[in-house]
Every structure is written in structure tokens, then in C-alpha cells.
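To start, the structure itself, in C-alpha cells.
The values are calculated or read from the model by the stated rules, or taken from the named source; none is laboratory data. What you are looking at is a predicted structure, and each value in this text was computed from that prediction instead of being measured. Positions of Cβ are backbone-derived with ideal geometry, glycine not excepted, and every protein chain shown enters the neighbour counts. Surface areas here come from the heavy atoms of the whole protein model, side chains and all, with no ligands, DNA or RNA. Shrake-Rupley method; radii C 1.70, N 1.55, O 1.52, S 1.80 Å.
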Amino acid sequence: MRLTVNGTEHVLDLDPRTTLLDALREHLGLTGAKKGCDHGQCGACTVLLDGRRVNSCLLLAIAHQDSHVTTIEGLDGHPVQRGFLEHDGFQCGYCTPGQICSAVGMLDEVDRGWPSAAADDDPLSDAEIRERMSGNLCRCGAYPHMVPAIRQAAGR
Amino acid sequence: MTTTTKAVGAPLARIEGPEKVSGRARYAAEYPVDGVAHGWIVPSPVPRGRLTAVVADPTGDTMAVLWHGNAPSLAAVDDPELAVLQSDRISYRGQPIALVVADTLEAARRAAQVLHLEIEAEEHETVLRADHPGVYEPETVNPGYPAATVHGDVETALATADVTVDVTYSTPALHNNPMEPHATIARWDGDDLTLYDSNQHPSGVAATVGEIFGVDRVHVITEHVGGGFGSKGTARPNAVLAALAARVTGRPVKVVLPRQAMFSMVGHRTPTLQRVRLAAGRDGTLSGIDHQAYSQTSRLYEFAEQTAVVTRHMYAAPHRRTGHHLLRLDMPTPRWMRAPGEAPGMLALECAIDELAEKLGMDPIELRIRNEPSAEPESGVAFTSRHYVECLRRGAERFGWSGRDPRPARRREGDWWIGTGVAGATYPTMAQPSTARVRALPDGTFEVAIGATDLGTGARTILVQIAADALDVAPERVRIRIGDSTLPRASVAGGSSGSASWGWAVTGACRSLRDTGRDEVTFDSTELVQRQETEGRHAYGAHFAEVRVDAVTGEVRVSRLFGMYAAGRILNARTARGQFLGGMIMGMGMALHEEGVLDPAMGEWVNHDLAGYHVPVHADVESIEAAWLDETDDRINPMGSKGIGEIGIVGSPAAIVNAVWHATGIRIRDLPVRLDKILDGLPAS
Amino acid sequence: MKTFAYRTAVTPADGLEPGAVFLAGGTNLVDLMKLGVATPDVLVDVNKLPLDEIADLPGGGLRIGAGARNSDVAADPRVRRDFPVLSEALLAGASGQLRNVATTGGNLLQRTRCRYFMDASKPCNKHTPGSGCPARDGDHRDLAILGASASCVATHPSDMAVALAALGATVRVDGPAGRRVIPVTGLHRLPGDTPERDTVLEHGELITAVEVPPLPFAHRSTYRKARDRASYAFAVGSVAAALDVHDGVVRDVRLAWGAVAHRPWRAFAAEERLRGRPATRAEFTAAADVELAAAEPLRDNAYKINLLRRMTTAVLERLAEGARR
């Protein structure tokens, strides 16, 4: 089985049942993507698959051998990471890599003009950021600090 | 001696921040350990009965299937739930009754799913009722308060009062659900045991697990913890099972709880039924308060939540009574969840006060101020500091309370009914003995070491600030080591006492090093801490909520949530804000979203995942703010700090529930407030 | 998760060997496999099939490839302009991450979120026929009030399917026995005595596309969803509607409900009642009541009757107001 992660192609001998998340965490030592629920209900496992944000816990690695995966480890120094640091957009840190990957994917979606259920005129209004980031749970409740972090990263 | 700018109070950024945003911070399950095998817990599928046999698929690719029929004996400890795989008794659905170990996660999980269990199921009981014949009064409630108190004659006060309130509020089972599941990697080297474990108390976990396995050297590594909110305060079954499996297989073993298991074996907040009766004069002066709380515990272990204890010191009244009543059920053991006692207790008390204000036609803030006590009403002990009234008054100004029309269902904006509500907040100020060590290093820096943990509270950063001030150096010259049981023993990260307890020891060590000029000092705070009074020490606050209720669907949104606190000296303005807001957001979840949905026939909370158990998402949190008074209290600890980790969830649910009443005229007395409870009572537009 | 063989589909008509299932986005299937509720022997990956195009149909309709991702459909300018109800329904569902992976065909075929179905350790006639339905006496607050049976009270969880039902969309199906076209309203079965079968599809049949027929007045259409938190939650009730009002009279209307039945519930009786009647609040409520007369609520879900009545009235009123402007 082949997996291309952060620009590096890996050849692995994996059980076909292995999810992309478990391949990253258990076999490639890339533990930045987190397992919070393992069922697509928390967003902690968010990575970018060919640039799109996805829940890696619900993807079978075997089905994504031709894709390019970007994990938090591949984003070193990204403006969203700096925004989270500057605005204290986290506490325990467990949801944080997923939040950051999700925000990176989300900002690209905004650039492409994708709508959200918030349906604001400004796609980066507070309400829009909150709605667009609602697929990432944070039990510490660091949400209010993420909004300015993300807005800053968007250059706003 | 040089004088430096004080570090304590400054909004220092989290020291471990760069590790967390880059994904480099390692949590328990993430340590690379050669040859690690995977353990998967088999939960009991029945709430009560006996496990008589376990039959594994002989063709399965497992290394071991452990159950009470083949597991090695373990020494008993205080917590019977840690006696895993030791007995045929099943005491709740979800109890670990077997463990499958395999080379891969995938193989272990499947083998556990198809494992054949022979079980003699028995009749079970899982519903908390106040009129159940099995209800009893425990001797004490967590962590050691008397279960009942009586002062004066509350019945006569109620019978002769101008105005009375007699209401019953209920709260459901709530589940901590930190984002990081409980997890352990266990490795034996001879009789030395290493545990990479997610917990709030590495020294405590090391001691407990050592006792269970009869070994002295247990090394618990807890560098980063993905939240706990009380559920990781003590060793949980995952730690024992991982160590057990590693012992049996001779391999390091990793056990990570699936999210579903986090609704059973790691504790939860008990459901409560609470009857609150208030007696008052026309002017709002309380003559009597009665708060009786019913909660549940398991067959295995008595955990009695201190639900009504908060009523003992909140408001003045000559006649008063509080009591706790417990029922044992075939359900998991409730344990600590953020502000055990205060969170559900203040929901009932502060909603009842709001109902009294309505009956009196009095502003709910004025009613609270009218009943401000001059000393602890039951103990008579003076408060070390209490600025509750200031929180209410200053908070009201900041929130914009004045001019509020007290009548419900008057404010309509578009599709929404708008209302505001207020509720008080309080949390006891505690400290536990801890030990810290500081070393002066040749490069001019100082290494502070203490077996504390940082669950996201900012502890690591705050301890650096405390040490810097005590050493009289800049924080950049202090290096901190925590999260390891081989460091000097620290108390649990719980009870909002971490900063006070650890900071006390760190202050002692650093001051001693500074004063004596020695290179290394270890300081044990036990004597100092034990000399302290335990009464009269509390943080206070006031929560204000503005909600809007959809006039069509009854959906509730919290437009504004504001907390004003008086919690002693704030050690780090940046991380403190996160603690307050996080507590308030969890309080919003308690008010509106969270509920373990019990199926009595199954004996289980059936919504046991994060799609079924709703915690607040980002879109739920609109305008939210926290502020605090500059409170000085030099009688509590050297930092003058009160705990802040839990007070945000105390009273914020009541403020929201009271605001829902103000918006709609509907009193919801069974949490959570959801549209199905509101819909039929919505005012006509 | 049971072990499985994995292969890639070559053509849509390939079909499936016994024990095989198609894998599209997998956001629901992989979830259920982990839970041990879905136990396929073979996964046939259809993601490489060229089924993700969104194409114009003559007269103003759209053909949406079954492999088109939910996020791409929601963002498509034609969908947003001509069928806003569909874009809104998609955006009301799941999360950004899930919408990026979930497909149009897979969304239609997602299985119920009934808690008993999603737990292999509990009885459920849908995952283990004949084992019983604990939801009837247990937790059913979120479950069906219409078209349920003694053996199953599950609801279909999709938001998108509700919009498609309202729009009169059809699904194109391919398989070893040939191609066929099924209306979305006829794709999902009612549970009856065989709740283990969600849809009328035969083993090996693959949805290749959804066709949304031209519906000029659907540019004035909308989706409203009630749920227990502000986002990232399944509906407790939802309404998809399009309304054509002329001189204050309802010329045509399309109405469908979500989270009330085993399938997206097209409110045909309500539509019939409304056509030709004044576009007034009272008439909207009366039409909803006609449809809701058949409701058979359980102990804890009767609130859905009031919820759907109120939501339907409000949604149609809003559309009627828009028509007056």
C-alpha cells in the first residue's frame, strides 16, 4: 500500500481495515492528527486530502493511495498556526491540529466562494467562521479565541 | 536584590503552545514504543448479572483474551472498579469484562466484537426516583461534607412566610467527554512499570497502580493531557488493563478507550432531582431555605455528590436545611465532573431564587443582594473575602441589565423571543499538600520540578510565573518540568486547586532557594496547607445571559453570555480567560444540550457518542465574555489566588434557564432546555 | 470491523458479488463497519468511476453525478440559483469535512441514526431481523411519526434527500439487470415487516446520477431545519419547500419533510390541499394538518407534529412574502 503524506511517498504493509487516521498515527508516527471519536463526530482527525479538509478516521487508507495527504506536521509555520498561538486559540491542545487543518481547508473554501449555512454577506464574519468551523469540537471551549485567530490568518 | 516586573498576572502565552499547534505535543497513546500490542476492552452487554464463560474464536489473530477466568489476581484498592477482570459479577452495562490483545488495533477491535460471552443476566434497576424505597442518606458527601444540616425550623418558616417557592429541578446524567479519550501504554521492565497515561494526577495513578500490582516502581508519564474535567482524576480501568495485559503477554500494550466507553467506566455527573423550598417576606428577605438533593451511585462504589452543599453558604436565612439522598442502581459510578455539587446545586438554587423574584415582583439581582450574609450562614465563620454583591452590581452594569422589563415574553425581535437572566456563581477555595523542587543551574536558569499536570488549564505557564516572582527573576530564566510521577509528588489537578496547591509548594521552594542561596531546594507544603481553616473560603461570580428563542421552533440560542468574577488574584489573564469562558460554554451545554439519554430496559445511556450526546459546537457560542474584579485575599495562600477552573460552569446554566423563562414565560425545570419542552408553551406571536 | 476484500469498480454495471457493497465516500459505511453493524465481505470502490459531473439538462434541470461531493453540489452556482433548497439542505447537513467526502448517491443511501441500529450489541430489526425494536418503548424522541411500523420507527437522516424529494428528482440506477429510473420519493421504502431493507434497490444496483427536473418556481425554494444545537447535528424536523403564488393564490407548491419517517416525506396530501387556495397562514397550517392527520406519534415524539405544523406554516409564509416583493 502506498500513501503520500506531506510530500513523501510511503510504502506500507497494512491491514485493509486500516483507516487513514490509524495509518498516520500507528504506522507513520504522525500523531498530530488526533483520534477523538473515531466516527466523524468531532473533527480532531481533520487532515487535508488533495487540499480538502476531511475526517481521516472515516477514510480507508487503501482507498486513498493516489491522494496527497497534508497533516498538521506538513503545515509548519502556517499563518493559522501563528494565529492560534497569538490568540490562545486552544487549551488542552487535543483538538488543535484538527482545528488548524480545518481552518486551512475552510479558508480555501472561502476563497473558492463556497457558501455556508450562516449565509452572511461577509464569508468571514464571526457567524460564518463559527458555522464553517462547527465540524471541530473543542470541549475546553476555546472557540471564542479561535475566531480572531482564523480571521487574522485570513489577513483580516 | 534586583527587582523585576512581576510575572504573576501577566498574560504570558502558553509555554507549550508551539508544540500544540504543530502537532508535536505527545499525548499518552502517541509515544513510540517498540513492539506495542493493542488491547481492546469488551464491555458488558448487560447491566447486571454474571459472566460465566468467554469463548474466543480459535482462528482469530489475537495474542490474549483476558477475563476473570484467566486473569492474574490483583490487590484490592479503595476503588473497586479498578479490580478489573477479578470477578464474575457484572455491575453495570459497559463494565470491562474482558480484554482482547492483538498485534493490530484492527484485529483487536474485531476479535472483541465477535467474542462469545456467556452471561447469566439478572433483573436490573437503572432509574433514579426520589420515592424509591432504596433511597438512603449517605454519611458524608464528596469530598467529606456532612450529608445533612439543619439550622432553626425551616418548616415553620415556610408555613408562616409571606411568599414561598417550592420547586423541583432535575438534571440528567452528564458526561465529561474530554477530547482526548482515556488512554494508556504500559511497559514492564522486570518489576518496573512504565505507564504513558492520560490523567490528572500522575503521582496518584502511580501509587494506585503500584498497589494493585504489588510493585514499588511505577513511572507514570503524563506530559500532555487532552482535557479531563474530573474524569481523569484517578486511575481508570484502562491503566490497570494495559498493565495487566502487558504483564501477561510480555509485550507493551496500548489501551485507548473508544468514545462510547467514556460514557460508562470513567465516571460522569450523576443525574439529580432537587427540591428547593424558599420562604421570604414581602421585602424579599429570606426566612427559610431548604434544599434536598437526590442522586445515584453504583453497586460498586458510593459516590455521593455534594449537590446541596453550596446552599449552606450562599444566602442568609435564619431557618435552613440541606440534605442528600442516594440510590444505588445497576449503573456506572458517577464521579467528578467539573464543579461536582456546585454545578447542579446552583442550577436548582439559582432558578428557585429567580422564581421567587418573579413571585415577589422584585428584581432578581436586588433579591440576591437583600440576602447577602455577613458570615457563612451555617458555620458562622467569616469569609476570607466575598465580593458577590460587587460581581452582581458591576456585572449588571457591564451586561446592561438596568431598564430590563421584568415581565416575561415581552421582547420580540423578528422570529425570536428575547430574554435575559442572571444567576450567582461560587466555588470553594481549596489547596492540597504538594512538594516542589527547584534547582539553580550553572547557566543562570532555574529548573522547577513538580509532578503536576496541565490539562489545558495553563498550569505549566502559571507555575513558571509563580516561580519567577518567588525567585525574583524573569520568567525566561525558569524551566518547568511537570507531568511525571518521578517528580516531587503533587496533588490532583482538580477542585480548582492546582495552581493554589502547586503554586504554594513552588513558592516555598523558590523563596527558600532565593533566601538561602542554596543550589537546590525541595519544599513540602503539607504543614502549611494543613494549618489552614477550611471554611469561609470561596470564589464568587455572577453570570448574565441573553437568549433568543425561535418563535416557530422553540430552538434556543445564547446571544450573549457574560461572567463577572471575584476569584482572588488572577495569575495569568490570558489563560484565566480561557478557563472562565470554557466553564461558561460547558455551562451552556448543561443548560441546553447535554443529556445522557437513559433507556431503562437496556440499562444504558444510549446516545453514547458525540453525535448523540451534544456538546456545544462553535456555532453555539456567540458573544461571550469574562471579566474579574481585582480581589486581594492574603489569607488563602501565598499567591492570593482562588481557583478558576470550575466556577464558570456554576450558575451559568441557571442564568440561561432563567433567561429562557424571561424570553418565553416558560419555566423549564428539567434540563436540558430543548425545543420539545418549549414548543407547546410558546406565546402566540 | 470485519476483514474484507477490496477492489475497484470498472463500470457502473459491474454489479456486486454476494456479500459485497459499494464504497463511495464511506462517511457512513466505514462508521458502521467500525461499529460492527455493517459487515461486508467485499468493498467495491466506485470513486474512480466518472460519476462526479454536474451537467445541465434541457429545459433547466440538472443531472448530478452520484459521485459528486456534497460540498461541490452545495457550491454549484446553478444549484444555488435554480434550486436553493438543495444547496441549503446540503449546507445544513453534517460538517465541512464530511461534505467534502460524502457523495450524492451515498447521502441518499445513508442509514438511520436510530441509536439501537447503530449498536450491534442491542436488538434492532434493521440490523438483525427478528430481534425486535427497543426504540418503540425506549429512546425515540428523534424518530418517526409517519409511516412507521411495529417493527421499526427509524427515520432517514438525510437533509439533501428531503430537498430532492420536494424537487421531484429522480435517481438513475445501473446494474447487471440494466438501467432504470426511480423517483427519489420512491427510492426509500417504508419499514413494514422488512425494515432491514432501506430502499427498493436490488443487490448490485448502483445509483449513477440524480436528475433534478426543471422547476421554474424552485428559484424561490428553501430548507429549514430544527435541531438540538446550532450546527453539526441531525434534524429533529425539517421542511423543504418551493412555492408558486399568483395573485395571492397558490398555483403550485412542493413540500417535503425530514426526520419524520423512514424516508424523506413528500407531503403530497398537503400539496394537493394547497393548490388553488389562497396563500395565507391559515391555509398553510390547514394543509400541514391534512398531512399530519396520519401521524402516529410515540410517547416522546408527539412534539414533532406541532413542530412540523409550525415550521411548514412559517416556511410557506416566508416564501409567499418573498413572492409578493
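Can you tell me which residue within the stretch A:136-153, out of those that are assigned to a helix (DSSP H, G or I) and within 18 Å of B:Gly456 (Cβ to Cβ), is farthest from the other protein chains (Cβ to nearest Cβ)? Checking each candidate, the answer is A:Ala149. Screening A:His39 against (1) under 30 Å from C:Arg115 (Cα atoms); (2) touching a residue at least 24 places away in the same chain (Cβ under 8 Å); (3) facing another protein chain (nearest Cβ under 7 Å) leaves a single unmet condition, (2). State yes or no: is B:Arg368 open to solvent by less than 20 Å² (accessible area, probe 1.4 Å), away from chain C (no Cβ under 14 Å), modelled with pLDDT of 95 or more and part of a helix (DSSP H, G or I)? Here the answer is yes, as B:Arg368 does meet what is asked.
On the given criteria, is B:Thr297 touching a strand residue (DSSP E or B) at 6+ places or on another chain (Cβ under 9 Å), farther than 26 Å from B:Lys642 by Cβ and either surrounded by fewer than 24 Cβ atoms within 10 Å (Cβ to Cβ) or among the small types (Gly, Ala, Ser) (or both)? So B:Thr297 passes the test. Residue check: is A:His64 assigned by TED's automatic domain parsing to the domain that holds A:His10 and either touching a Lys or Arg at 6+ places or on another chain (Cβ under 8 Å) or at pLDDT 95 or above (or both)? Judged against the criteria, A:His64 is a match. The single condition among (1) within 14 Å of another protein chain (Cβ to nearest Cβ); (2) touching a strand residue (DSSP E or B) at 6+ places or on another chain (Cβ under 9 Å) that B:Thr453 does not satisfy is (2). Among the residues of the stretch C:97-110, are any within 11 Å of chain A (Cβ to nearest Cβ), open to solvent by 10 Å² or more (accessible area, probe 1.4 Å), touching a residue at least 12 places away in the same chain (Cβ under 8 Å) and part of a helix (DSSP H, G or I)? Yes, the stretch C:97-110 has at least one match. Every listed requirement among (1) basic (Lys, Arg); (2) part of a loop (DSSP other than H, G, I, E, B); (3) surrounded by fewer than 20 Cβ atoms within 10 Å (Cβ to Cβ) is met by B:Arg386 save one, (3).
Strands (runs of 3 or more DSSP E) fully within the stretch B:459-568 that include at least 3 residues being within 30 Å of C:Arg310 (Cβ to Cβ) and touching a helix residue (DSSP H, G or I) at 6+ places or on another chain (Cβ under 8 Å): B:538-550, B:556-566. The single condition among (1) crowded, with 18+ Cβ neighbours inside 10 Å; (2) among the hydroxyl-bearing types (Ser, Thr, Tyr); (3) over 27 Å from C:Ala242 (Cβ atoms) that C:Thr8 does not satisfy is (1). Kindly indicate whether C:Leu307 is under 18 Å from C:Ala165 (Cβ atoms) and either more than 12 Å from chain B (Cβ to nearest Cβ) or buried (at least 20 other Cβ atoms within 10 Å of the Cβ) (or both). It is false that C:Leu307 is under 18 Å from C:Ala165 (Cβ atoms) and either more than 12 Å from chain B (Cβ to nearest Cβ) or buried (at least 20 other Cβ atoms within 10 Å of the Cβ) (or both).
Remark: pairs (first residue in the stretch C:288-316, within 15 Å of C:Arg266 (Cα to Cα); second residue at pLDDT below 95 and not small (Gly, Ala, Ser); Cβ separation under 8 Å; 6+ apart in sequence or on different chains) are absent. Scanning the stretch A:72-104 for residues that are open to solvent by less than 10 Å² (accessible area, probe 1.4 Å), assigned to a helix (DSSP H, G or I) and more than 7 Å from every other protein chain (Cβ to nearest Cβ) returns A:Val80, A:Gly83, A:Gly98, A:Gln99, A:Cys101, A:Ala103.
Here B:Arg277 passes the criteria (1) in a helix (DSSP H, G or I); (2) open to solvent by 10 Å² or more (accessible area, probe 1.4 Å); (3) touching a helix residue (DSSP H, G or I) at 6+ places or on another chain (Cβ under 7 Å) except the one numbered (1). Taken over the stretch C:125-152, the residue count meeting the criterion of being part of a loop (DSSP other than H, G, I, E, B), more than 14 Å from chain B (Cβ to nearest Cβ) and not small (Gly, Ala, Ser) is 4. Counting the residues of the stretch C:171-181 that are open to solvent by less than 50 Å² (accessible area, probe 1.4 Å) and more than 14 Å from the chain's Cα centre (by Cα) gives 4.
All of (1) more than 7 Å from every other protein chain (Cβ to nearest Cβ); (2) open to solvent by 10 Å² or more (accessible area, probe 1.4 Å) hold for A:Leu20 with one exception: (2). If you go through the stretch B:186-205 and keep only what is surrounded by fewer than 22 Cβ atoms within 10 Å (Cβ to Cβ) and part of a loop (DSSP other than H, G, I, E, B), you end up with B:Gly190, B:Asp191. Give me a count of the residues in the stretch B:20-45 that are open to solvent by less than 30 Å² (accessible area, probe 1.4 Å), more than 30 Å from B:Ile482 (Cα to Cα) and part of a loop (DSSP other than H, G, I, E, B). Going through the stretch B:20-45 one residue at a time, the tally reaches 1. Return the residue satisfying two criteria in turn: it lies in the stretch B:244-270 and is open to solvent by 20 Å² or more (accessible area, probe 1.4 Å) and more than 14 Å from chain A (Cβ to nearest Cβ), and of such residues it is nearest to the chain's Cα centre (by Cα). Of everything passing the filter in the stretch B:244-270, B:Arg247 is nearest to the chain's Cα centre (by Cα). When each of B:Thr516, B:Thr522 is tested for being open to solvent by 10 Å² or more (accessible area, probe 1.4 Å), farther than 30 Å from B:Thr420 by Cβ and out of contact with any strand residue (DSSP E or B) (no Cβ under 6 Å at 6 or more places or on another chain), the lone residue that passes is B:Thr516.
Would you be able to say whether some residue in the stretch C:65-76 is over 20 Å from the mean Cα position of the chain (by Cα) and of a type in the set (A, V, I, L, M)? No, that holds for no residue. Is it fair to say B:Tyr315 is in contact with a Ser or Thr (Cβ under 9 Å, 6 or more places away or on another chain), hydroxyl-bearing (Ser, Thr, Tyr) and either open to solvent by 20 Å² or more (accessible area, probe 1.4 Å) or in the same structural domain as B:Tyr145 (by TED's automatic domain parsing) (or both)? So B:Tyr315 does not fit the description; no. Could we say that B:Ala183 is over 17 Å from B:Thr486 (Cβ atoms), under 23 Å from the mean Cα position of the chain (by Cα), of a type in the set (A, V, I, L, M) and open to solvent by less than 10 Å² (accessible area, probe 1.4 Å) here? So B:Ala183 passes the test.
Here's the yes/no breakdown for (1) at the interface with another protein chain (Cβ under 10 Å from one of its Cβ atoms); (2) closer than 21 Å to A:Asp76 by Cα; (3) open to solvent by less than 10 Å² (accessible area, probe 1.4 Å):
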residue	(1), (2), (3)
A:Leu3	no, yes, yes
A:Thr8	no, yes, no
A:Pro16	yes, no, no
A:Gly32	yes, yes, yes
A:Leu60	yes, no, yes
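Is it the case that some residue within the stretch B:474-490 is touching a residue at least 12 places away in the same chain (Cβ under 8 Å), within 30 Å of B:Arg312 (Cβ to Cβ) and not assigned by TED's automatic domain parsing to the domain that holds B:Gly640? Yes, some residue in the stretch B:474-490 is touching a residue at least 12 places away in the same chain (Cβ under 8 Å), within 30 Å of B:Arg312 (Cβ to Cβ) and not assigned by TED's automatic domain parsing to the domain that holds B:Gly640.
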